[in-house]
Amino acid sequence: WPRARANAGAAARASGSALVNPVMEADVTAIEADVRVRLADVLDPEIPVLSIVDLGLIRHVRVAANGAVEVGVSPTYSGCPATSVIKADVEQTLRRGGYGEVRIVDVLAPPWTTEWITAEGRSKLHDYGIAPPSAGPVACPQCGSLSTTKLSEFGSTPCKALYRCMRCLEPFDHFKCL
């Protein structure tokens, strides 16, 4: 067998192509799963109880034949200041995990929507004191009252609106439906 490998390597180099150690399909599946687990640890810089997976920002994970990893990320909205931090955190997390070649790409179509926030992400928002996105009445995350009023279209970040509960009088952010 050693002689066969040497001949195959010589033939590949002779043809002018680089000698590539292809990643097997089973390895690709394992790598994709490992990358997704690692991405679940990358927190949103504006809402540090939510991972970027909870927010539904990860559109794809692809593994090339040479083991290079590509991650597609959708910003919550065009111009979101957290996007560059998120992309840097994704790259740093994967490099720390041993992935040498990492590429982060923007996925703009279809545009991100709050419908992509996971059920766990919505629960984490509520527990953190932010009303999750809802098309109907906005419930106070503190006391559950539906007697709330919008104070401002913009809250602590542009993707949230500022509300006040009329029952407990607490102000709170509501994650806007996008």
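The values are calculated or read from the model by the stated rules, or taken from the named source; none is laboratory data. All values derive from a computational prediction rather than experimental measurement. Here Cβ is always computed from backbone atoms with ideal geometry, including for glycine, and neighbour counts include all displayed protein chains. Accessible surface areas use protein heavy atoms only, side chains included; no ligands, DNA or RNA. Shrake-Rupley method; radii C 1.70, N 1.55, O 1.52, S 1.80 Å.
Quick notes on this one:
- Members of the range 116-131 that are closer than 13 Å to GLY56 by Cβ and buried (at least 20 other Cβ atoms within 10 Å of the Cβ): ILE117, GLY121, LEU125
- Residues satisfying the stated conditions in the range 157-168, i.e. without any contact (Cβ under 8 Å) to a residue 24 or more places away in the chain and either open to solvent by 50 Å² or more (accessible area, probe 1.4 Å) or β-branched (Val, Ile, Thr) (or both): LEU162, ARG164, MET166
- Residue identified as surrounded by 13 or more Cβ atoms within 10 Å (Cβ to Cβ) and farther than 27 Å from SER78 by Cβ among SER145, SER134: SER145
- Sole residue being of a type outside the set (S, T, N, Q), modelled with pLDDT under 90 and not in a helix (DSSP H, G or I), chosen from VAL20, VAL53: VAL20
- Looking only at the range 91-115, and only at residues there that are under 17 Å from ASP41 (Cβ atoms) and aliphatic (A, V, I, L, M), the one that is surrounded by the most Cβ atoms within 10 Å (Cβ to Cβ): LEU94
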